[in-house]
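Remarks on the structure that follows.
The values are calculated or read from the model by the stated rules, or taken from the named source; none is laboratory data. Source: prediction; values computed, not measured. All Cβ positions, glycine included, derive from the backbone under ideal geometry; neighbour counts span all protein chains shown. Just the protein is used for accessible areas: all its heavy atoms, side chains included, with ligands, DNA and RNA removed. Shrake-Rupley method; radii C 1.70, N 1.55, O 1.52, S 1.80 Å.
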Amino acid sequence: MAIGVLLKQVPDTTAKIGVSGGRVDESAVSKWSMSPYDEYALESALKLKESSGGDVVAITCGPARAGKMLTDAAAVGADTLMHVQIDGQDSIDSTQIQSVLVAALEKAGCEVVFCGKQAADTNGGSTGPGVAMLMGASCVSHVSEVSADAGGYTALRASSGGAERVHVSAPCVFAFDKGLEELRRPNVRGIMMAKKKVIETVSPEDLGVSMGESRVTVISHSPPPEKPPGQKFEGADSVATVVSKLRDEANVI
Amino acid sequence: MAYEALDFYDIDALLTEEEKMVRDMVRDWVDKEVIPNIEQACHEGVFPDKWRVDLGEMGILGAPLKGYGCPGLSYIAYGLICQELERGDSGVRSFASVQGSLAMYPIWDFGSEEQKNHYLPRMASGELIGCFGLTEPDYGSNPGDMITRAEDKGDYYLLNGAKMWITNGTIADLAVVWAKLDGVIRGFIVEKDDSGFSAPEMTGKHSLKASVTSELVFQDCMIPKDRILPGVKGLKGPFSCLNNARFGISWGAVGAAQSCFNSTKEYALSRIQFGHPIASFQLVQNKLSWMLREITKAQLLAFHLGKKKDDGTWIPEHISLAKMNNVDIALEIARMSRDIHGANGILDEYPIMRHMANLESVKTYEGTHDIHNLILGKHITGIQSFTREP
Ligand SMILES: Cc1cc2nc3c(=O)[nH]c(=O)nc-3n(C[C@H](O)[C@H](O)[C@H](O)COP(=O)(O)OP(=O)(O)OC[C@H]3O[C@@H](n4cnc5c(N)ncnc54)[C@H](O)[C@@H]3O)c2cc1C
């Protein structure tokens, strides 16, 4: 069984993001990383492989720099690496990306697909459902855990205010939330093996996909508004004010 | 914010993909595990056991050694590991240096096949901790005059004497101890439960507080015959271990300096005095520029030395120069950083004072700054000046 994991390389969540001329300035991004929810998808795919067998196929669609992320995935245990190389991702809409990913999954023979619930850069959240739709697969979102059993897979997902266990059969797509498990770290042995792994680099044309025209245009990016300065409270008298602010303004209690 | 390492001359471009991956793995670990916990570890004076487990799991202990379950990385990769660990704290790098270069290395190079198979895989995985006993209360820079003695009692060796300042001593499962057998320095593997052996911890340090430092005491300590390292006699044994550890230190010091530089740059840009960021004043810029200059030179020195270690064209004096220079500039940078941080520089909110205090030890251990000067002095002139005797 081949478990497909869809990975996206995004600016590291701790990297400084600059906007210039109404566009995120990619050349100024100091660090690119695997999108955090994708890390949980990869972790769960590796767990599934360990408990029930199979090969983990890591797939990304992105520019040349994204290849490094696949090697990182191999260092923690991904078996097969596929890179659909496209440039100018900015002018490609999510449906186009999804059709490319579905073709890659088909080529790799994956009927079970793991991905993040949304990418940390665009926060789009359409990849899982979109890929499932094109594959004719069921889609379970906000998943934190998947296990295999006779006839299919059981996924644990967050439902509003609680948890839900659902059972699906292949083909199926699981879009991951932050999982319960700690992510594994690479180690030297994994890095040595990863170095020897070949990344299969293909173009959309190689996969027989004609991308067509994008139907979405990003008009502009803008940075988030500056955070208001912090507020300071002192003394026992301020407890009530602080509690009400935490409850009503910060929504943390 | 993501750590952005100072790399003015783009040494990154000279590294292999594997070296960068190993470096990034350790960098991430230091960011997630060391930096958030180091102040508490120092406060409590402990080396957290989780760090031992993690270092073993990452597979970086004994980095450049090949076979027997060891990683088999390049010396450059070993250097990068030390650099990242010491960016976190010199104590963490010390743990790794002692384990890899001072305890695993002598077994790997001078041990019997049985000793290698018995100890190395479990030391590489972090299951067993090693320490290295050379320094004695009365013999630091000239270990050749050590007092610790081993006697051949037919069925076993009897060890008597004491070692001091031994990193990892109290937490170690085994100690590589240098002692004189019939007047000749030999290496012995002492295990923690051997009779007549104890390793009390030394307390009261203002430096390397997250590293364990101990005495090793041997009172009629009986050790089996097969625990002598068969492959080496004389000072060459301990000195070849020191070469590898000193090499690692020359990289580690760069890490500590990078940490100070980053904190200082950020602080200088945000601290306003006389209506302007202090980074806008020429005197402060001069200091920042000096730091950049010295870190860049130290990086190039460490990198080139790494290449020489990897291709085997190095001599011990090359290592002396790099250890001496890089620790020296790192300590000076830490002091300058403390100055630029003003009063804040003494707080544990910033890494500065901790690096500064740590580097005082690093300047002294593994050959003091001036002992390395004497090594180079002898290399230049052909005249030894360690002792007055010819
Ligand atoms: C935190 C820490 C951890 C350590 N860990 C270990 C360990 O794991 N294993 C181990 O074996 N040792 C360890 N050491 C010991 C360390 O290697 C010694 O401290 C070092 O070799 C210096 O010896 P000393 O302290 O006796 O100083 P000394 O040798 O007494 O030197 C004192 C001063 O005199 C100078 N000096 C000495 N001789 C000369 C000379 N001929 N000419 C000019 N100047 C000279 C020195 O440069 C120095 O400035 C550790 C030390 C510290 C502080």
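When we screen B:Y105, B:Y119 for residues that are more than 15 Å from the ligand (Cβ to nearest atom), touching a helix residue (DSSP H, G or I) at 6+ places or on another chain (Cβ under 6 Å) and assigned to a helix (DSSP H, G or I), the only hit is B:Y119.
Residue-wise test of (1) surrounded by 15 or more Cβ atoms within 10 Å (Cβ to Cβ); (2) more than 9 Å from the ligand (Cβ to nearest atom).
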| site | (1), (2) |
| --- | --- |
| B:D339 | no, yes |
| B:M353 | yes, yes |
| B:Y365 | yes, no |
| B:N373 | yes, no |
| B:I383 | no, yes |
| B:T387 | no, no |
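For the stretch B:131-146, name all the residues that are more than 8 Å from the ligand (Cβ to nearest atom) and touching a Phe, Trp or Tyr at 6+ places or on another chain (Cβ under 8 Å). Scanning the stretch B:131-146 gives B:D145, B:M146. Of the strands (runs of 3 or more DSSP E) lying entirely inside the stretch B:148-225, those containing at least 3 residues that are closer than 20 Å to B:S101 by Cβ and within 16 Å of the ligand (Cβ to nearest atom) span B:156-167, B:174-181, B:184-191, B:213-224.
If I filter the stretch A:23-80 down to residues being in a helix (DSSP H, G or I), open to solvent by less than 50 Å² (accessible area, probe 1.4 Å) and of a type in the set (S, T, N, Q), which single residue comes out as farthest from the other protein chains (Cβ to nearest Cβ)? Selected residue: A:S44.
When both residues are 6+ apart or on different chains and their Cβ atoms are under 7 Å apart, which pairs have a first residue that lies in the stretch B:26-53 and is closer than 21 Å to B:C260 by Cβ, and a second that is among the small types (G, A, S)? If the second residue must be among the small types (G, A, S), the pairs left are B:V30/B:G88; B:V34/B:G88; B:I35/B:G88; B:I38/B:G88; B:I38/B:A210; B:A41/B:A210; B:C42/B:A210.
Every test in (1) in contact (Cβ under 8 Å) with a residue 40 or more places away in the chain; (2) over 15 Å from B:P224 (Cα atoms) is passed by B:G111 save one, and that test is (2). In the stretch A:82-89, the count of residues that are hydrophobic (A, V, I, L, M, F, W, C) and open to solvent by less than 10 Å² (accessible area, probe 1.4 Å) is one or more. Taking first residues from the stretch B:61-72 that are more than 10 Å from every other protein chain (Cβ to nearest Cβ) and under 13 Å from A:R189 (Cβ atoms) and partners that are surrounded by fewer than 24 Cβ atoms within 10 Å (Cβ to Cβ) and basic (K, R), no Cβ contact under 7 Å between residues at least 6 apart in sequence or on separate chains turns up. B:A13 fulfils the conditions (1) open to solvent by 60 Å² or more (accessible area, probe 1.4 Å); (2) at the interface with another protein chain (Cβ under 10 Å from one of its Cβ atoms); (3) assigned to a helix (DSSP H, G or I) except for a single criterion, (2). Return yes when B:K297 is under 22 Å from the mean Cα position of the chain (by Cα), of a type in the set (D, E, K, R) and open to solvent by less than 40 Å² (accessible area, probe 1.4 Å) and no when it is not. Judged against the criteria, B:K297 is not a match. Selection of first residues in the stretch B:265-282 that are among the acidic types (D, E) and of second residues that are open to solvent by 60 Å² or more (accessible area, probe 1.4 Å), restricted to Cβ pairs under 9 Å at least 6 apart or on distinct chains, gives the following pairs, ordered by first then second residue: B:E266/B:M1. Entry remark, the stretch A:142-180: residues being of a type in the set (G, A, S) and in contact with a helix residue (DSSP H, G or I) (Cβ under 6 Å, 6 or more places away or on another chain) number 3 in total. When the residues of the stretch B:36-60 are filtered to those that are part of a loop (DSSP other than H, G, I, E, B) and within 12 Å of chain A (Cβ to nearest Cβ), the one that is farthest from B:I319 (Cα to Cα) is B:G59.
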